[in-house]
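Engineer: Before we start, here is the structure in question, set down as structure tokens.
The values are calculated or read from the model by the stated rules, or taken from the named source; none is laboratory data. Because the structure is a prediction, the values reported are computed rather than measured. Cβ: placed from backbone, ideal geometry, glycine included. Neighbour counts: every protein chain shown.
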Amino acid sequence: MDCVVTGGNVKVLAKAIHSLSRIGDELYVEPQEDGLPLRSVNSSRSAYACFLFAPLFFSRYTITSEEAFRCKIAIKSVQAVFRSLASLEKTVEKCHIELDRKKNRITFTLYCKHGLLKTHNLSFQDSESLQAVFDKDSYANVFRAQPRLLVDTVVHFPPSLEEVTVAVSDDRMWFRNHVDDEAELSKAMLTELCLASDEFDHFAVRAHSSVTFCLKELRGLLVFAESTGLPISMYFDEPGSPVVLSVTDSVLEGNFVLATLSDDPNHRKNNTRRAHTPPPPPPDDFMNDDIDSYLIAMDTSMAPGPSATGPPTPPLAEPTYSKQPVAASHRTRIHSEEEEEEEEDEPADSDGPPNKKFCSLFFGSVLPPSSQMSTQPVKSQVVLASDSEDDTQAE
Amino acid sequence: MKFRGKIVDVACLNHFTRVVTTISKLTKTCVLRLTPDNLFFVLSGKVANGGVGMWCELSQANFFDEYQMEGVSPEDNEILLEVTPENLSRALKTVQNAKAVKVKLTKKHCPCLTIAAELPTLSSVSRVVTHDVPVDIVPRRLWHEFKEPIMPDFDVSVYLPPLKTMKSVVDRMKNLSNFLVIEANLNGQMNLKIETDLVSVTTHFKDLGNPPWGDDAASPSRESEAMAEARVDVRRLQQFLVGQQVNPSRAMCNIVHQGVVHLILLHEDVSLQYFIPAVA
């Protein structure tokens with residue numbers, strides 16, 4: 001592989017890499033004829049991102065017609081090449097990326113002003129292909145908005161917030177912070193923001209649903225979209241199936257695929273406040289906000305505490321939610337191109353304690369056909385993209 | 001028991017947010033006391049806080065365009081809530097550009113102060129963001145702990161030097177010792193002293209002036225040069241100085257010799273009192 005990025009595109013490439021670094025620690029590179037994809041995935045396989053750069057993005061793009069090449073590089077090393085974005089814009093005229101198969105490294109050469117050349121040799125490791133399989137056309141709910149809208153929404157949530165729940169109705173979208181366990185609910189601050197459909201460039205809802213995913217991983221995409229001014233498209237379905245966010249223009253396409261909490265019918269029953277689509281808010285008048293009944297109940301008790309007149313809290317006998325280690329509790333769905341496997345859903349009336357699980361993404365292993373294609377869903381991570389070389393990697 | 005307030009003016013919202021942010025820097029939790037005319041943020045000087053006490057008084061009319069409340073009963077027309085001011089501060093900071101901000105006492109999964117803001121948008125429908133901050137209702141039998149503190153019988157009262165200057169001095173002293181002595185006299189002089197085995201450092205402030213409390217205050221027979229002093233935990237003093245975001249119109253310090261340091265900050269529509277007990 002041998003390609004050259006010039007002018008403003010160097011900064012775009014750098015921003016994409018910084019964006020990917022918010023997802024995982026390694027950058028997967030797999031140059032192809034139709035473009036250069038750069039991918040990253042997090043350790044629990046619940047977040048995946050891919051930026052695909054078309055050949056036209058580069059001022060020169062040549063790949064050898066040998067067998068397909070893939071590798072992964074420590075993302076911090078690549079970030080170090082493109083460290084200071086502000087100075088990149090001012091000083092770097094072009095960036096030459098070259099693959100050296102013999103020495104197992106990729107060379108990044110920055111051609112800067114005044115004839116200065118900065119050369120970085122980054123070693124890579126061979127890797128399996130990493131590719132999430134998803135079909136944007138199959139999603140029930142599709143939205144597109146200017147990045148400013150989402151950035152302004154996300155600002156209301158604390159930077160440390162892990163999970164956010166997005167719910168939609170025909171003409172509204174709600175963002176709420178998601179609070180994990182019932183115990184925290186009484187102490188946590190709850191934030192909710194409502195957006196109207198006409199704030200979006202495109203708002204198509206076919207299923208009223210709500211999904212919960214990790215907000216932190218999304219922020220990387222928001223930063224990228226805001227700086228490039230590209231509108232963000234959002235696709236989601238029912239809880240459990242991943243949410244996809246993407247930005248596109250003529251020479252690049254960025255896709256962020258985030259796993260969502262799988263919905264549990266038992267859980268939903270108890271959590272009335274966090275129903276799929278919130279009821280219209282009660283009329284906002286003074287008389288409605290009366291907590292005298294609470295006060296009466298409280299005054300008669302020895303110490304202040306939640307009263308019996310509050311909304312029904314789940315009785316202690318109800319199973320509590322254990323956050324299982326994500327790795328162990330994946331619900332894997334593997335779609336290969338050859339076969340469609342039916343996934344076994346958990347029976348809705350299961351007697352066991354309801355488990356909250358993050359649905360993992362689907363990963364097609366794009367290797368030559370092997371027995372891996374027919375692996376049962378139960379074998380959690382076996383089929384997923386390369387983890388066999390997860391031991392310490394030389395930088 | 002009901003409470004509902006609405007802030008429409010941007011400057012008022014900004015000012016209110018800054019007051020709440022200052023409080024959040026002074027203490028993790030405190031009691032918010034609502035009366036028909038005022039709001040108070042109170043920290044009662046219990047041993048658990050290291051005896052530090054705080055009393056912040058705001059006149060509601062200066063901040064709220066609409067303010068309605070109904071207390072616990074007609075005779076006790078007040079509401080006392082235990083809150084975490086940092087949550088309030090965080091919620092308020094994100095809605096500075098709102099068209100209107102409502103603060104209400106509500107009952108969600110538990111009693112909450114709900115901050116609901118209407119944000120400006122280009123579309124026909126306003127964007128509404130709500131923050132539910134959980135609070136604990138303080139029962140009437142505990143109200144006596146949150147009364148207005150009595151002015152201590154101080155020995156000396158003096159105006160404070162510029163808070164920024166004081167802060168930079170105290171910041172450096174904090175690195176040298178855990179305890180600091182504040183002393184002042186009726187001649188407008190104040191010293192901040194630390195003393196360790198290796199070093200002692202004193203910063204002198206002169207010509208500060210003494211507030212005219214009147215004849216019934218500090219004994220008139222007191223020598224103007226005599227210093228009243230109190231030894232305090234330097235971190236408490238630093239905490240007080242760190243939170244101050246606006247220059248007050250008046251800043252005073254009353255010292256009860258080896259008793260307590262009483263700091264008073266007066267702004268146009270907010271007054272803040274902070275009590276730091278002296279340690280041996």
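Engineer: Looking at A:Met234, is it more than 10 Å from chain B (Cβ to nearest Cβ), free of Cβ contacts under 8 Å to residues at least 40 places away in the same chain and assigned to a strand (DSSP E or B)? Steps first, please.
Structural biologist: Values: more than 10 Å from chain B (Cβ to nearest Cβ): yes; free of Cβ contacts under 8 Å to residues at least 40 places away in the same chain: no; assigned to a strand (DSSP E or B): yes.
In short, no.
Engineer: Take the residues in the stretch B:75-103 that are among the acidic types (Asp, Glu) and either free of Cβ contacts under 8 Å to residues at least 24 places away in the same chain or assigned to a strand (DSSP E or B) (or both), then tell me which one is farthest from B:Val8 (Cα to Cα). Let's see the steps before the verdict.
Structural biologist: First pass over the stretch B:75-103, keeping only residues among the acidic types (Asp, Glu): B:75-76, B:78, B:82, B:86.
Narrowing the set further to residues that are either free of Cβ contacts under 8 Å to residues at least 24 places away in the same chain or assigned to a strand (DSSP E or B) (or both) leaves B:75, B:82.
Details: B:Glu75: 31, B:Glu82: 25 Å.
Ranking the candidates gives B:Glu75 first.
Engineer: In this structure, does B:Pro120 turn out to be free of Cβ contacts under 8 Å to residues at least 40 places away in the same chain and either surrounded by 22 or more Cβ atoms within 10 Å (Cβ to Cβ) or facing chain A (nearest Cβ under 8 Å) (or both)? Working first, answer last.
Structural biologist: On the way: free of Cβ contacts under 8 Å to residues at least 40 places away in the same chain: yes; either surrounded by 22 or more Cβ atoms within 10 Å (Cβ to Cβ) or facing chain A (nearest Cβ under 8 Å) (or both): no.
Criteria not met by B:Pro120.
Engineer: Just checking, how many residues over the stretch A:203-223 are closer than 29 Å to A:Ala14 by Cβ and within 14 Å of chain B (Cβ to nearest Cβ)?
Structural biologist: Going residue by residue through the stretch A:203-223, those that are closer than 29 Å to A:Ala14 by Cβ are A:213-223.
If we keep only those that are within 14 Å of chain B (Cβ to nearest Cβ) too, we end up with none.
Matching residues across the stretch A:203-223 total 0.
Engineer: Something else: Assess whether B:Leu176 counts as being at pLDDT 90 or above, within 14 Å of another protein chain (Cβ to nearest Cβ) and outside any strand (DSSP E or B). It would help to see each step written out before you state the result.
Structural biologist: Working: at pLDDT 90 or above: yes; within 14 Å of another protein chain (Cβ to nearest Cβ): no; outside any strand (DSSP E or B): yes.
Here the answer is no, as B:Leu176 does not meet what is asked.
Engineer: Could you look through the stretch A:82-103, keep only residues that are of a type in the set (A, V, I, L, M, F, W, C) and outside any loop (DSSP other than H, G, I, E, B), and pick out the one that is surrounded by the most Cβ atoms within 10 Å (Cβ to Cβ)?
Structural biologist: The initial filter retains those residues of the stretch A:82-103 that are of a type in the set (A, V, I, L, M, F, W, C), namely A:82, A:85-86, A:88, A:92, A:95, A:97, A:99.
Filter again for outside any loop (DSSP other than H, G, I, E, B), leaving A:85-86, A:88, A:92, A:95, A:97, A:99.
On the way: A:Leu85: 13, A:Ala86: 8, A:Leu88: 20, A:Val92: 21, A:Cys95: 25, A:Ile97: 22, A:Leu99: 19.
Only one residue tops the list, namely A:Cys95.
Engineer: Could you please let me know if A:Asp290 is touching a Lys or Arg at 6+ places or on another chain (Cβ under 6 Å), at pLDDT below 90, over 30 Å from A:Leu56 (Cα atoms) and in a loop (DSSP other than H, G, I, E, B)?
Structural biologist: Values: touching a Lys or Arg at 6+ places or on another chain (Cβ under 6 Å): yes; at pLDDT below 90: yes; over 30 Å from A:Leu56 (Cα atoms): yes; in a loop (DSSP other than H, G, I, E, B): yes.
Yes: the conditions hold for A:Asp290.
Engineer: Further question on the same structure: Kindly check whether there is at least one residue in the stretch B:38-57 that is over 22 Å from B:Leu142 (Cα atoms) and more than 9 Å from every other protein chain (Cβ to nearest Cβ).
Structural biologist: Pass one, the stretch B:38-57, residues over 22 Å from B:Leu142 (Cα atoms): none.
Looking through the stretch B:38-57, none of the residues is over 22 Å from B:Leu142 (Cα atoms) and more than 9 Å from every other protein chain (Cβ to nearest Cβ).
Engineer: For the stretch A:171-202: of the residues being acidic (Asp, Glu) and over 30 Å from B:Glu82 (Cβ atoms), which is farthest from the other protein chains (Cβ to nearest Cβ)?
Structural biologist: Narrowing the stretch A:171-202 to residues acidic (Asp, Glu): A:171, A:180-182, A:184, A:192, A:198-199, A:201.
Adding the requirement that they be over 30 Å from B:Glu82 (Cβ atoms) leaves A:171, A:198-199, A:201.
Values: A:Asp171: 9, A:Asp198: 4, A:Glu199: 5, A:Asp201: 12 Å.
Applying the filter and picking the extreme gives A:Asp201.
Engineer: Looking only at residues in the stretch B:96-111 that are crowded, with 21+ Cβ neighbours inside 10 Å and more than 8 Å from chain A (Cβ to nearest Cβ), which one is nearest to A:Val155 (Cα to Cα)?
Structural biologist: B:Ala98
Engineer: On the given criteria, is A:Glu226 in contact (Cβ under 8 Å) with a residue 24 or more places away in the chain, of a type in the set (Asp, Glu), out of contact with any helix residue (DSSP H, G or I) (no Cβ under 6 Å at 6 or more places or on another chain) and part of a helix (DSSP H, G or I)?
Structural biologist: Criteria not met by A:Glu226.
Engineer: So which of B:Thr130, B:Thr106, B:Thr121 is over 21 Å from the mean Cα position of the chain (by Cα) and assigned to a loop (DSSP other than H, G, I, E, B)?
Structural biologist: Values: B:Thr130 fails: assigned to a loop (DSSP other than H, G, I, E, B); B:Thr106 fails: assigned to a loop (DSSP other than H, G, I, E, B).
Within the list B:Thr130, B:Thr106, B:Thr121, the selection yields B:Thr121.
Engineer: Condition first: more than 15 Å from B:Trp213 (Cα to Cα), crowded, with 18+ Cβ neighbours inside 10 Å and within 14 Å of the chain's Cα centre (by Cα). Now tell me which residues in the stretch B:247-260 satisfy that.
Structural biologist: Within the stretch B:247-260, no residue meets the criteria.
Engineer: With the structure loaded, tell me whether B:Leu13 is touching a residue at least 12 places away in the same chain (Cβ under 8 Å), within 11 Å of chain A (Cβ to nearest Cβ) and buried (at least 19 other Cβ atoms within 10 Å of the Cβ) or whether it fails that test.
Structural biologist: On the way: touching a residue at least 12 places away in the same chain (Cβ under 8 Å): yes; within 11 Å of chain A (Cβ to nearest Cβ): no; buried (at least 19 other Cβ atoms within 10 Å of the Cβ): yes.
It is false that B:Leu13 is touching a residue at least 12 places away in the same chain (Cβ under 8 Å), within 11 Å of chain A (Cβ to nearest Cβ) and buried (at least 19 other Cβ atoms within 10 Å of the Cβ).
Engineer: Looking at the stretch A:162-178 only, could you name the residues that are surrounded by fewer than 17 Cβ atoms within 10 Å (Cβ to Cβ) and within 17 Å of the chain's Cα centre (by Cα)?
Structural biologist: A:Glu162
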